[in-house]
Structure formats: structure tokens, C-alpha cells
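Below: the structure, in C-alpha cells.
The values are calculated or read from the model by the stated rules, or taken from the named source; none is laboratory data. These numbers were taken from a predicted model, which means no experiment stands behind them. Every residue, glycine as well, gets a Cβ built from its backbone with ideal geometry; the counts of neighbours run over all protein chains shown. Note: accessible area is taken over every heavy atom of the protein model, side chains too, but ligands, DNA and RNA are not part of it. Shrake-Rupley method; radii C 1.70, N 1.55, O 1.52, S 1.80 Å.
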Amino acid sequence: MWRAPAAILIALTTATGAIAQTGRAWMDTSLSPDARADLLQAQMTPDESLQLLHGYYGANITFLHVRPVPPEYRDVLPGTAGYVPGIARLGIPDLIETDAGEGIANSVDMRPDDRATALPSGLAAAATWNPELVSRVGAVLGTEACNRGFNVVLDGGLNLARDAAGGRTFEYAGEDPLLAGTTAGAMVAGIQSQHVISTLKHFAFNDQETGRFYVDARIGESAARESDLLAFEIAIEKGKPGAIMCAYNRYNGAYVCENDFLLNKVLKQDWKFPGWILSDWGAVHSTVGAANAGLDQESASRFDGADFFATPLRQALADGTISEDRLRDMTHRILREMFAKGLFDYPPTKSASDMAADAAVAEQEAEEAITLLKNEGGILPLASKVRSIAIIGSHADLGVLSGAGSSQVLPLGYSSADSFPVGGAAVPRTGGMPGPIGLAIYDPPSPLSAMRAAFSDARIRFVEGENISEAVRLARGSEIAVIFAHQWRTEGRDVPDLSLRGNQDALINAVASANPRTVVVLETGGAVLMPWISKVPAVIEAWYPGSGGANAIARVLSGVANPSGRLPITFPLSAAQLPRPVIVQSNEVNYIEGSDVGYKWFERQNLQPLFPFGFGLSYTTFQISDLQAQGGKSITTSATVTNTGSRAGLATVEFYATPPGATKRLVGWKKIDLQPGESKPVDVVVDPRLLAHFDESNDVWRVQSGDYNVVAGFSSDKPSSSVSVALAESELDP
Ligand code: BGC
């Protein structure tokens, strides 16, 4: 029988009047989350403890490969991704979980008429290089979740972009551990500022969709710790998520949701993660193996082969294969986070969101994410006196493209006329997304209407571009041609290659030949190839920009806004430059690049990409001077940045360091506002883990002694200045 520790007994006896009257001493907010959880656990029956460990799919929808919802729950399901019934007797709220990779999701219209703010994708968030802004976006997600009665948000996503064709690259935060970890951490912190729990996912190495339910990601511990795991570690430190979702795939042989090394050793022992680990939908394969490896809660068990954490868990407790201590720990982790993040004290209430305020944040994020990749002859911003513009392609008369899968938002103003079937109905079962999700949804308002508002004196006409001759005619008869090109990505399948689908490359070639003043606007969920790049003077990457996208694009094209996005991923010249030119189809993927993901791989192989990580232009110019670096336990580096052009703009100064014999790593950045002619100092104190090698035999991070090259610049490949700094050898705990 569990006995309350002395401190808790004292708390019980000193609980305030109201609390004492209700008998709910755990509602005393002056106690720590752990103490409150202990008090509550002391009142729970074993069945009640077990109840919290087993979740339901939150909607009464039948998919091909999942078991039906039990009848007793059909009427209470909240119409969302996940549902764990609470315990009314003790005032434990239900956990009501929503996806949120691009806003509050409603992927298969499970809540008819619920339309949310479509936010830019995770990759767009990373392209802002602005964690403060990302955290405000997180607060929008948190509020829109609360206002729908949800208290668990299944977002920050941050699997590293190891394969450029990855289907979910758009949901994640790029290829670099520091940028991805900082971005996802900021998102989590913003979400949780609204008293809801955020769930970092998918831990770990869910870096491709092909075979995602079983593919075995093979990578040694050192390389793992220095790459994907480091990204998670940083995000956890910065965001303190209440929960972490373990991934579908295997890591070095064992399914991640029953991977003792990843869950027990790395997350819980080394990183001291106090929250709970919940499974991805259909990622559990056992009861005893999973629970003893560290899984705390089975989500939506109808997606699994059995209800592993229901009756079989009770049985395992009875026969002692899972200990009572472990059961207590599982329940404790959930309850302590529910207390820590405010789920007991600030229950969500259904109410209307301030959609105008949310739209303003969405638009600012979309604008800061837009990355200007090419601007020859200063064609952009377009002159305000332009008389005629041809808008071509990608349903720019309807909206901007969004990514698909469980993160799919049905945006404000959405109608089914804004969605188009993609690539036929058949979605490979290995990816496992249900049929209705094979739709490309365009978030209104339309770029066409935004451009008409921004250039009210110009004649602006649109063609879809299916008929290339018609597009060429329109381009020829217009001063400027703006072609919208898109690449649709979805959870559940990777893109077949990095080419724009359909006739888009031919369309861009033909239009650029007809009108040399052609601007390409990309709406993509990752890198694409640009065989036409030398023919077009200007390209902007708008990502999946959400409801604010159309206005943001028009503001950038018209120069009301100065673009400041920077690439969070490398754009290769060809797939042949990648560690895996095609996505691995077999049961095992060997990450031969190790921790040299993205730009580090390009440096190691001495390859020039089409556009490097960190790259992005502005309508003004910046210069870096006075780069300095001091050694010690780590590196402190500083520089001065000056706006040398004639427009105000946001400069992003990126600092990279190269340890002896290794590739360079992003070690920090500062994004700052500069008026023309203005200079500002910028500095960064480097997290020593970014400089270190993980010594797996001794279980420590090791910063080796020697000279470290430190550079500052505006992209990963062309430093503006460099200095060298000597460090002595040091060690850090994992
Ligand atoms: C996805 C998760 C998502 C869950 C619930 C899974 O298929 O991998 O990211 O949170 O579904 O919708």
C-alpha cells in the first residue's frame, strides 16, 4: 500500500479552508506539481490509475485499418485526434488532444464547420529564425485549442530533415539541431503559456514517411546524440513540454515506443524529463516491453493491434511483470504535468477566439518566413507604377497551398471548392493516412485578390497555367509575370522526387522565355529543384504560409515588407548530391551522413548546393564587422552588423564554429531590425554541446582541445568574417 510522504501529510493538514472542505488537497496551488500529484494518487484506485494510461481516438470515424470505437464511447468523443477520459470523482479532467502542425487541425472534418486560423507550417516557422515570434504563434495555437475545449496540443514537430523528399518536412523545423530545437522549443513554450500541454514529436528519427510504421533508422549513438537527439534535447530545455510522443519507426532495431535506450536512458535518465511519453497513433506493439521501456500512455489504442495498456496492462501488474512502482510513475508523470501546466487550475472553456488578432500574428509569421532566393537587377520589389501583372498557376485565384495529413487545418473561409485531389486516391498503406486526406487544400484569401489590393492601379489577370500557350499569351501582354509554383507534401508518403509536379517546370520556362520580367513564388513543404533558375530574375520561397500568406506575399512583392526569412534546409542542385538520392524503400535506413545532416554533409562532400542553409536576401544590404571570439569553457562571440543599404530591414547574423577536424555547426544567431546606415552589436554565448563530440564509450560530451574556427555571415556557405579561438579540453554530462 502506498503511503503519502510526510511533507504531503503536512500539506494535507494545512490545506486552505475551501480545499479542506472539498477534500481536494491537491488543488492547493501553493504546492509543487509533484506534491499535488502525490496527494491525488494517494486517493486513486488502481483502476483509476490505469484509466489514465490508455487513450481513445477522439472521433467516431472508421478508417480502413483501425478497430472501431467501443460503443460506450461513441457519444462522448470530442471530435479530435485523441481522448483520455478523466475521473470525475476526483476532478481529474479529460485529456482532449488536438493536432496542430499548421493551426488547430480538423483533418477529416470531424468537427463540421470548425474553421481555424491556418498558421504557416513548422518549416516556415523555422524560416523566420525568430523564436520570439514563433512563441507568439504558439500562444495563438494554445488559445485556439483552449477555446475549443482542448487541453493537449500535439505539436512541436522537429524530426531533422535528413531526406529532402521527406513527406512531413513541412511540419518540422529544418535540418539543424540548434535551429530546429530552438524553434520547436519556442512553439512549445508559446502553446503552454495558455495552460495547455504541448507534445514534442515524433521522438525520434521519424525522418521519412516511406515504411514509417516499421523502418529501422540505423545510426550510432554519438551521431544520434549530436543530431536529432540534440534537437530534441534543446527543444525540451527551452519549451519544457508536458508530453513527448514516441515515433512509429524503429531505432537501431527496437520500435521507438519500446526502445529502452531512447525512452528510459536518454529521455528520462540523462535528460531528466519529468513529463510523460505518449505513443503515436498505432505505434505500440506490446504491453510489458513498452511499459518497461518507458512508454507511459498508449494513445488511441484502436490504431494498435490490441488495447495494450488496458486489460493486458492490468494483467501484467497482477502477474508482476510490470511493477507497482512503474505504474505509479506512469500515472505520476501525467498528473504532475497536468498540474504543472495548469490543466486543473485553468480548465479550457469553449468560447470564440479573437480571430482578427490571431490572423495578424499568422500574417506576421508568414511575412517573416518568406525567403528571397534570387533578385537579379533588383526586379523586386515591383515598382508601384507597374501597369499590368499576369498571375499564373497554383490556384492563386483561391488561396495558398497547405500541407496535408493529421496536421491539416480547415481554414477560415474554407469551402470544399478550395481542395483538389492529389495523385489519385490510392495512398500507400505503408504510410497509412486515410483516403480523405489525399487532398491539397488552398487556404484563402487568394494571392490574386491580395495583389489586386496591393497594386490597385494595375491590370491584374489570372490563368491557372494548365494551358501553357494561354499563360504565355498573358505573360507576353503583361509588364510582369508572377508564377505561383507549388509542391504538395503530406504525412504518410514522401514526395517521389524534388521536381515540381505536372507541367510546372515547362510552364515557368515558357513564361520566362516570353517575359524576362518573371517572378516565381514557391509554395512548398521543402526543397525543390529549379532547372529554370537561370531564366528567371526573381524567386521567393513562401513555404505553406497559411491564412496570412496571400497578404504577406503581396506585401513582400510590393515592398511594403522587406523579406527576412532564411532557409532552414539546404536546397540541393540535384538529388545526386544527397546522402540518399532516393528515399530508402527497405526495412532499414542507414544514416551514413551520421550527424553531418544537410549543410554539414555538403561541406563534408565539398558540394555546392543550389541554395545553402541559412541563405536569404533582403531588399537592403548588410555588412558584418569586428568579429571577435573568446575561449574558456565554451566560445563567446560578437560582431557588429550594419545596414549598408537604403531601406530598413531585419538582418540575421549567423555564427558558425568548426571544431578541429569536423564540419562547421550553427552555434547561434541574432535577428535584428536596422534602419539604413544603422549599426548594432550582436553576440552569442555558444552552448558547448554544439562544439562537442559525444563520447559514447564514456557517456560524456567531450569538447576537444584545439583551435576552433568561428565565422559570422548571412548563410552557411559564405562567411563574411572569420577568427580562430583556442579551447582547452572539457567534458559535460549527457
Ligand atoms: C501522426 C501524429 C498525430 C496523430 C494523431 C499520427 O498519424 O503521426 O503526428 O499527432 O496521428 O492524429
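Between P496, V682, G549, whose Cα lies farthest towards the positive end of the dipole of the chain when Lys and Arg beta carbons carry +1 and Asp and Glu beta carbons carry -1, centred on the Cα centre?
G549
Provide the per-residue ³J(HN,Hα) series for the range 617-627, in order, calculated from phi with Karplus coefficients 6.51, -1.76, 1.60 and θ = phi - 60°, each as a whole number of Hz, with x at glycine and proline positions.
Along the range 617-627, the couplings run 9, 9, 7, 10, 10, 10, 9, 10, 9, 6, 5 Hz.
Is the range 586-734 best put as rounded, prolate or oblate by its Cα gyration tensor, with a ≥ b ≥ c the root eigenvalues, rounded for a/c under 1.5, and otherwise prolate when a/b is larger than b/c, oblate when not? Write down the numbers at each step before the final one.
On the way: a/c = 2.58, a/b = 1.46, b/c = 1.76.
Because a/c hits 1.5 or more and a/b fails to exceed b/c, the range 586-734 counts as oblate.
Just how large is the dipole of the chain about the Cα centre, in debye to the nearest 20, putting +1 at every Lys and Arg Cβ and -1 at every Asp and Glu Cβ?
Working: 59 positive and 82 negative charges, 259 e Å.
That gives the chain a dipole magnitude of about 1240 debye.
Return the aspartates and glutamates within reach of K350: Cα separation strictly under 19 angstrom, same-chain partners fewer than 8 residues apart disregarded; answer none if there are no such residues.
Output for K350: D75, D94, E97, D99, D109, D113, D114, E144, D358.
What net charge do the residues around A510 carry, taking every other residue with its C-beta under 11 Å from that of A510, with Lys and Arg at +1 and Asp and Glu at -1?
Numbers: positive: R473, R476, K535; negative: E470, D505.
Residues near A510 contribute +1 overall.
In whole Å, how far is the Cα centre of the range 353-387 from that of the range 68-114?
36
Count neighbours as other Cβ atoms within 10 Å of each site's Cβ, and list the trypsin sites (Lys or Arg not before Pro) in the range 242-298 that are DSSP loop with at most 11 such neighbours.
On the way: sites: R250, K265, K268, K272; in loops: K272.
Listed in order of number, the matching sites are K272.
For labels at D707 and E376 in the simple 7 Å Cα→Cβ model, what's the distance in nm?
Label at D707, label at E376, 4.0 nm between them.
Tell me the carbon and sulfur percent of the accessible area for the chain, rounded to whole percent, probe radius 1.4 Å. Show your work: numbers first, answer last.
Details: 13080 of 25010 Å².
Whole-percent figure for carbon plus sulfur exposure: 52.
Using per-residue counts of other Cβ atoms within 10 Å, averaged over each peptide, order 596-607, 620-631, 222-233 from highest down. Walk me through the intermediate numbers first.
Numbers: 596-607: 19.9, 620-631: 16.7, 222-233: 25.0.
Averaged packing, sorted descending, gives the order 222-233, 596-607, 620-631.
Compute the separation of the alpha-carbon centres of the range 203-222 and the range 308-334 and state it in Å as a whole number.
That distance is 28 Å.
Under 19 Å from a point placed 7 Å out from the Cα of T621 along the Cα-to-Cβ direction: which residues of the range 672-699 have their backbone N that close?
674-680
Give the accessible surface of the chain per residue, rounded to a whole number of Å², with probe radius 1.4 Å and ligands, DNA and RNA excluded. Kindly include the intermediate steps, with their values, before the conclusion.
On the way: 25010 Å² over 734 residues.
The answer is 34 Å² per residue.
Arrange the peptides 71-82, 539-550 so that the one whose residues have, on average, the most other Cβ atoms within 10 Å appears first. Present the calculation step by step, with values, prior to reporting the outcome.
Working: 71-82: 16.0, 539-550: 29.4.
The packing order, highest mean first, is 539-550, 71-82.
Using 7 Å Cα-to-Cβ label points, what is the K350/E729 separation (nm, one decimal)?
6.4
Taking H as built 1.01 Å from N, whose amide H comes closer than 5 Å to the amide H of K374, not counting residues under 5 places away?
Here V539 satisfy the definition.
Would you please classify the overall shape of the chain from the alpha carbon gyration tensor, given that a ≥ b ≥ c denote the square roots of the eigenvalues, rounded means a/c under 1.5, and beyond that prolate means a/b larger than b/c while oblate covers the rest? Please report the intermediate quantities before stating the final value.
Details: a/c = 1.76, a/b = 1.40, b/c = 1.26.
Taking the square roots of the gyration eigenvalues as a ≥ b ≥ c, the chain is prolate.
Work out the charge dipole of the range 193-268 with +1 on the Cβ of Lys and Arg and -1 on the Cβ of Asp and Glu about the Cα centre, then indicate which of F261, V215, M245 is farthest towards its positive end.
So the residue we want is M245.
Looking at the chain, which Cys residues are left with no other cysteine's beta carbon under 4.7 Å from theirs?
C146
Output ³J(HN,Hα) for the range 304-310: one whole-Hz value per residue in order, computed from phi by the Karplus curve 6.51 cos²θ - 1.76 cosθ + 1.60 with θ = phi - 60°, and x for Gly and Pro.
Taking θ as phi minus 60°, the curve returns 8, x, 7, 7, 4, 9, 9 Hz for the range 304-310.
List the residues, sorted by chain then number, that are 5 or more residues from D216 or on another chain and whose placed amide H is less than 5 Å from its amide H.
R250, E588, V589
Summing -39500 (n - 2.57) over the DSSP H runs of n ≥ 4 in the chain and dividing by its residue number, what mean residue ellipticity at 222 nm do you reach, to the nearest 500 deg cm²/dmol? List each step's numbers first, then the result.
Values: 18 runs with 178 residues, N = 734.
That comes out to -7000 deg cm²/dmol.
List every residue whose amide H lies under 5 Å from the amide H of T524, counting only residues 5 or more places away in sequence or on a different chain, with H placed 1.01 Å from N in the peptide plane.
Sorted by chain and number, the residues that satisfy this are Q487, A542, W543, Y544.
From the square roots a ≥ b ≥ c of the eigenvalues of the alpha-carbon gyration tensor of the range 306-350, which class results: rounded (a/c under 1.5), prolate (a/b over b/c), or oblate? Numbers along the way, then the final one.
On the way: a/c = 5.11, a/b = 2.13, b/c = 2.40.
Because a/c hits 1.5 or more and a/b fails to exceed b/c, the range 306-350 counts as oblate.
Just to check, using Stokes-Einstein with a Kirkwood Rh over alpha carbon pairs, what's the diffusion coefficient of the range 445-553 at 10 °C and 1.306 mPa s in µm²/s?
Values: Rh = 14.6 Å.
For the chosen part, D equals 109 µm²/s.
Taking only C-alpha pairs under 8 Å that are 6+ residues apart, what is the relative contact order of the chain in percent? Can you show the working numbers first?
On the way: 1897 pairs, mean separation 102.5, N = 734.
Worked out over the chain, it gives 14 percent.
Sum up the charges of everything whose Cβ sits under 14 Å from the Cβ of V682, counting Lys and Arg as +1 and Asp and Glu as -1, but leave V682 out.
Working: positive: K670, K671, K680; negative: D626, E654, D673, E678, D683.
Summing Lys and Arg as +1 and Asp and Glu as -1 gives -2.
Within 12 Å, Cβ to Cβ, of F150, how many net charges do the neighbouring residues add up to if Lys/Arg are +1 and Asp/Glu are -1? Don't skip to the answer; put the middle values down first.
Values: positive: R111, R148, K350; negative: D94, E97, D99, D114, E144, D155.
With Lys, Arg at +1 and Asp, Glu at -1, the net is -3.
Going from most exposed to least, what order do D717, D733, D494 have by accessible area with a 1.4 Å probe? List each step's numbers first, then the result.
Working: D717 55, D733 125, D494 20 Å².
In descending accessible area the options line up as D733, D717, D494.
Dipole of the range 128-172, Cα-centred, from +1 at each Lys and Arg C-beta and -1 at each Asp and Glu C-beta, to the nearest 20 debye? Don't skip to the end; give the middle numbers.
Working: 4 positive and 5 negative charges, 8 e Å.
Dipole of the range 128-172, to the nearest 20 debye: 40 debye.
Kindly sort K201, K350, K238 by accessible area of their heavy atoms, largest first, with the probe set to 1.4 Å. Could you put the intermediate results ahead of the total?
On the way: K201 10, K350 165, K238 110 Å².
Result of the area sort, largest leading: K350, K238, K201.
What whole-number distance in Å separates the alpha-carbon centres of the range 143-168 and the range 464-536?
29
Can you tell me which of 358-365, 573-580 comes out highest on packing, and rank the rest after it, using the mean Cβ neighbours within 10 Å?
Going by the mean number of other Cβ atoms within 10 Å, highest first, we get 358-365, 573-580.
What pairs in K201/K268; K240/K664; K201/K238; K240/K341; K240/K600 have C-alpha atoms more than 18 Å from each other? If you can, show how the numbers build up before the last one.
Working: K201/K268 16 Å; K240/K664 28 Å; K201/K238 15 Å; K240/K341 10 Å; K240/K600 28 Å.
Listed pairs above 18 Å: K240/K664; K240/K600.
Karplus couplings for the range 292-301 from phi (6.51 cos²θ - 1.76 cosθ + 1.60, θ = phi - 60°), rounded to Hz, Gly and Pro as x?
With coefficients 6.51, -1.76 and 1.60, one gets 6, 7, x, 5, 9, 8, 8, 8, 5, 5 Hz.
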